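Chemist: Handing you a structure now.
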Amino acid sequence: MYSIRILPRTLHFKQPAGTSRGVYLQRRVWFLLLEDRDSGQFGVGECAPLPRLSCDDLPNYEDILARACRQAAADGQIDVDSLQSFPSILFGLETAFRHLRRGSLRFWDTPFSRGAAGIPINGLIWMGDFDTMLRRVQDKLQAGYTCIKIKIGAIDFDQELNLLAHIRNRFSREQIELRVDANGAFSPAEALRKLERLNAFDLHSIEQPIRAGQWDAMAELCRQTPVPIALDEELIGINTPQQQAELLDAIRPQYIILKPSLHGGWHGAESWIQLARQRGIGSWITSALESNVGLNSLAQWCATQQSTMPQGLGTGQLFLDNVPSPLTIRGNHLWFQAEVPEPDWRSILLQSPSTP
């Protein structure tokens, strides 16, 4: 017999996390504590929709979450079909059940979970003024990152180009892979012109150059772009395999980026990856500002995909009040610390106060 407790928390960023959509100072999450009353086994999951972005960022989210947890506890399993429109809830339940049934934070038996191999990751540069972003870039390069992702669209475009030029004047494409993320900051009318200017810096890709929902404009941009385009926000709310195939066939991007808490949990993300591969479209996986609970879940699942591309999983050091992590960053790789005891998230969460 199962029970699920919902433990809401507010996490606080160490420094403001700036995007073209605004600045995050704190992060609202709902931890799930799943317990098997017969065996005493437990699992912890994390549900964390992003405000004004997730398709399940709804006023009655807590009520929907409570109903989903009652149903999953009563059934002893997850009704994936009923939760397709609530990806953050599905991801949290997938994580909690996997944790419980494995009895460990090593969700699958992989070289990563055994501590024998790390996952290559990119260094993420948050938006800020020019000097702040330049300092952050230099810090990442000194730390040994060979793939840098820079969020653009918040400061003057020419200053952003100057930042990219500064990197390229020091490091070639072979030395440093550069990705940029516009978060939909460009208008369709200006996007191609800006992509042509960005092309001077040998970029790997640009994420979501124009706002999501403009399929015709995005498709035309993907046909003409000199810089490979990766869809991110565009995938939000596209929750069935039929809808996913329709989007990929209509837009034909060069890449898609999967965030399970936004894009259908593990179940939905695997559907996206399979459909993309059938069409010759590449993909990689990134976090969506989860705590270390969600980040471990992402990393464990990511390791099963056997991708050699740098992933966007280096966000475990964002919060002042995160739970302890079984993960660590060494150079430009994320590692699971198989040689040390796993953190007891159950005791930690039960001892810390819930936040309204």
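The values are calculated or read from the model by the stated rules, or taken from the named source; none is laboratory data. No experiment lies behind these values; they were computed from the predicted model shown. Neighbour counts run over all protein chains shown; Cβ positions are idealised from the backbone, glycine included. We work out accessible area using only protein heavy atoms, side chains counted, and drop any ligands, DNA or RNA first. Shrake-Rupley method; radii C 1.70, N 1.55, O 1.52, S 1.80 Å.
Chemist: Tally the residues that are open to solvent by less than 30 Å² (accessible area, probe 1.4 Å) and either out of contact with any helix residue (DSSP H, G or I) (no Cβ under 7 Å at 6 or more places or on another chain) or in contact (Cβ under 8 Å) with a residue 60 or more places away in the chain (or both), restricting the search to the stretch 65-107. Lay out the reasoning, then the answer.
Modeler: Keep residues of the stretch 65-107 that are open to solvent by less than 30 Å² (accessible area, probe 1.4 Å), which gives 65-66, 68-69, 72-73, 76, 83, 87-97, 99-100, 104-105, 107.
From what is left, the residues that are either out of contact with any helix residue (DSSP H, G or I) (no Cβ under 7 Å at 6 or more places or on another chain) or in contact (Cβ under 8 Å) with a residue 60 or more places away in the chain (or both) are 66, 69, 72-73, 76, 83, 87-88, 90-97, 99-100, 104-105, 107.
Selection size over the stretch 65-107: 21.
Chemist: Among the residues of the stretch 210-231, are any small (Gly, Ala, Ser) and touching a Ser or Thr at 6+ places or on another chain (Cβ under 6 Å)? Write out each step before concluding.
Modeler: Pass one, the stretch 210-231, residues small (Gly, Ala, Ser): 212-213, 217, 219, 230.
Adding the requirement that they be touching a Ser or Thr at 6+ places or on another chain (Cβ under 6 Å) leaves 230.
Yes, the stretch 210-231 contains a residue that is small (Gly, Ala, Ser) and touching a Ser or Thr at 6+ places or on another chain (Cβ under 6 Å).
Chemist: Residue check: is PHE107 closer than 18 Å to GLN311 by Cβ and at pLDDT 95 or above?
Modeler: Numbers: closer than 18 Å to GLN311 by Cβ: yes; at pLDDT 95 or above: yes.
Yes, satisfied.
Chemist: Is there any pair with a first residue in the stretch 193-208 that is within 18 Å of CYS147 (Cα to Cα) and a second that is open to solvent by 20 Å² or more (accessible area, probe 1.4 Å) and of a type in the set (Phe, Trp, Tyr) whose Cβ atoms are under 6 Å apart and which are 6 or more apart or on different chains, and what are they?
Modeler: Every condition considered, the pairs that remain are SER205/TYR255.
Chemist: For the stretch 110-135, name all the residues that are more than 12 Å from ILE167 (Cα to Cα), of a type outside the set (Gly, Ala, Ser) and under 22 Å from the mean Cα position of the chain (by Cα).
Modeler: THR110, PRO111, PHE112, ILE119, PRO120, ILE121, ASN122, LEU124, ILE125, TRP126, MET127, listed by residue number.
Chemist: As an exercise: evaluate GLY128 against (1) out of contact with any strand residue (DSSP E or B) (no Cβ under 9 Å at 6 or more places or on another chain); (2) under 23 Å from GLY314 (Cα atoms) and give the number of the one condition it does not meet.
Modeler: Among (1) out of contact with any strand residue (DSSP E or B) (no Cβ under 9 Å at 6 or more places or on another chain); (2) under 23 Å from GLY314 (Cα atoms), the lone unmet condition for GLY128 is (1).
Chemist: Among (1) assigned to a helix (DSSP H, G or I); (2) under 24 Å from the mean Cα position of the chain (by Cα); (3) basic (Lys, Arg), there is one condition LYS194 misses while meeting the rest; what is its number?
Modeler: Every condition holds for LYS194 apart from (2).
Chemist: Another question, if that's okay. If a residue must be in a loop (DSSP other than H, G, I, E, B) and either closer than 15 Å to PHE91 by Cβ or open to solvent by less than 20 Å² (accessible area, probe 1.4 Å) (or both), how many such residues does the stretch 296-315 contain?
Modeler: First, pick out the residues of the stretch 296-315 that are in a loop (DSSP other than H, G, I, E, B): 305-310, 313-315.
Next cut, either closer than 15 Å to PHE91 by Cβ or open to solvent by less than 20 Å² (accessible area, probe 1.4 Å) (or both) only: 313, 315.
Residues flagged as in a loop (DSSP other than H, G, I, E, B) and either closer than 15 Å to PHE91 by Cβ or open to solvent by less than 20 Å² (accessible area, probe 1.4 Å) (or both) within the stretch 296-315 amount to 2.
Chemist: Open to solvent by less than 50 Å² (accessible area, probe 1.4 Å), closer than 28 Å to SER347 by Cβ and in a strand (DSSP E or B), is that true of ARG28? Please lay out each step first, then the result.
Modeler: On the way: open to solvent by less than 50 Å² (accessible area, probe 1.4 Å): no; closer than 28 Å to SER347 by Cβ: yes; in a strand (DSSP E or B): yes.
No; evaluated as a whole, the condition is false for this residue.
Chemist: Are there any pairs with C-beta distances below 7 angstrom linking a residue in the stretch 162-175 that is under 16 Å from ILE150 (Cα atoms) and open to solvent by less than 20 Å² (accessible area, probe 1.4 Å) to a residue that is assigned to a loop (DSSP other than H, G, I, E, B) and among the hydrophobic types (A, V, I, L, M, F, W, C), with the two at least 6 apart or on different chains, and if so which?
Modeler: Taking only residues 6 or more apart or on different chains, the pairs are ILE167/ILE176.
Chemist: Among the residues in the stretch 219-233, are any hydrophobic (A, V, I, L, M, F, W, C), surrounded by 21 or more Cβ atoms within 10 Å (Cβ to Cβ) and in contact with a Cys (Cβ under 8 Å, 6 or more places away or on another chain)?
Modeler: Yes, because at least one residue in the stretch 219-233 is hydrophobic (A, V, I, L, M, F, W, C), surrounded by 21 or more Cβ atoms within 10 Å (Cβ to Cβ) and in contact with a Cys (Cβ under 8 Å, 6 or more places away or on another chain).
Chemist: If you scan the stretch 167-188, which residues turn out to be out of contact with any strand residue (DSSP E or B) (no Cβ under 7 Å at 6 or more places or on another chain), under 15 Å from LEU203 (Cα atoms) and not in a helix (DSSP H, G or I)?
Modeler: Those that are out of contact with any strand residue (DSSP E or B) (no Cβ under 7 Å at 6 or more places or on another chain), under 15 Å from LEU203 (Cα atoms) and not in a helix (DSSP H, G or I): PHE171, SER172, ARG173, GLU174, GLN175.
Chemist: What residue, of SER187, SER205, is open to solvent by 10 Å² or more (accessible area, probe 1.4 Å) and hydroxyl-bearing (Ser, Thr, Tyr)? Walk me through how you get there before you give the answer.
Modeler: On the way: SER205 fails: open to solvent by 10 Å² or more (accessible area, probe 1.4 Å).
So the residue among SER187, SER205 that is open to solvent by 10 Å² or more (accessible area, probe 1.4 Å) and hydroxyl-bearing (Ser, Thr, Tyr) is SER187.
Chemist: A further question on this structure: Answer yes or no: is there a residue in the stretch 120-131 that is more than 21 Å from SER287 (Cα to Cα), modelled with pLDDT of 90 or more, in contact with a helix residue (DSSP H, G or I) (Cβ under 9 Å, 6 or more places away or on another chain) and in a helix (DSSP H, G or I). Can you show your working first?
Modeler: Just the residues of the stretch 120-131 that are more than 21 Å from SER287 (Cα to Cα), to begin with: 129-131.
Cutting the leftovers down to modelled with pLDDT of 90 or more gives us none.
Checked against the condition, which is being more than 21 Å from SER287 (Cα to Cα), modelled with pLDDT of 90 or more, in contact with a helix residue (DSSP H, G or I) (Cβ under 9 Å, 6 or more places away or on another chain) and in a helix (DSSP H, G or I), the stretch 120-131 yields no hits at all.
Chemist: Return the only residue of VAL44, VAL23 being surrounded by fewer than 16 Cβ atoms within 10 Å (Cβ to Cβ) and outside any helix (DSSP H, G or I). It would help to see each step written out before you state the result.
Modeler: Numbers: VAL44 fails: surrounded by fewer than 16 Cβ atoms within 10 Å (Cβ to Cβ).
Testing whether each residue is surrounded by fewer than 16 Cβ atoms within 10 Å (Cβ to Cβ) and outside any helix (DSSP H, G or I) leaves just VAL23.
Condition check ((1) assigned to a loop (DSSP other than H, G, I, E, B); (2) open to solvent by less than 10 Å² (accessible area, probe 1.4 Å)) across all residues:
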| site | (1), (2) |
| --- | --- |
| ILE257 | no, yes |
| SER261 | yes, yes |
| TRP272 | no, yes |
| SER283 | no, no |
| ALA288 | yes, yes |
| GLY294 | no, yes |
| GLU339 | yes, no |
| PRO343 | yes, no |
| LEU349 | no, yes |
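Chemist: Among the residues of the stretch 220-234, are any touching a Pro at 6+ places or on another chain (Cβ under 7 Å), among the hydroxyl-bearing types (Ser, Thr, Tyr) and under 19 Å from ARG252 (Cβ atoms)? Spell out how you get there, then give the answer.
Modeler: So in the stretch 220-234, the residues touching a Pro at 6+ places or on another chain (Cβ under 7 Å) come out as 221-222, 229-231.
Then drop every residue that is not among the hydroxyl-bearing types (Ser, Thr, Tyr), which leaves none.
Within the stretch 220-234, none of the residues are touching a Pro at 6+ places or on another chain (Cβ under 7 Å), among the hydroxyl-bearing types (Ser, Thr, Tyr) and under 19 Å from ARG252 (Cβ atoms).
Listed here are the residues, each with its yes/no results for (1) in contact with a Gly (Cβ under 8 Å, 6 or more places away or on another chain); (2) under 23 Å from GLY331 (Cβ atoms).
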| residue | (1), (2) |
| --- | --- |
| GLY268 | no, no |
| SER271 | yes, no |
| ARG279 | no, no |
| GLN300 | no, yes |
| THR308 | no, yes |
| GLY316 | no, yes |
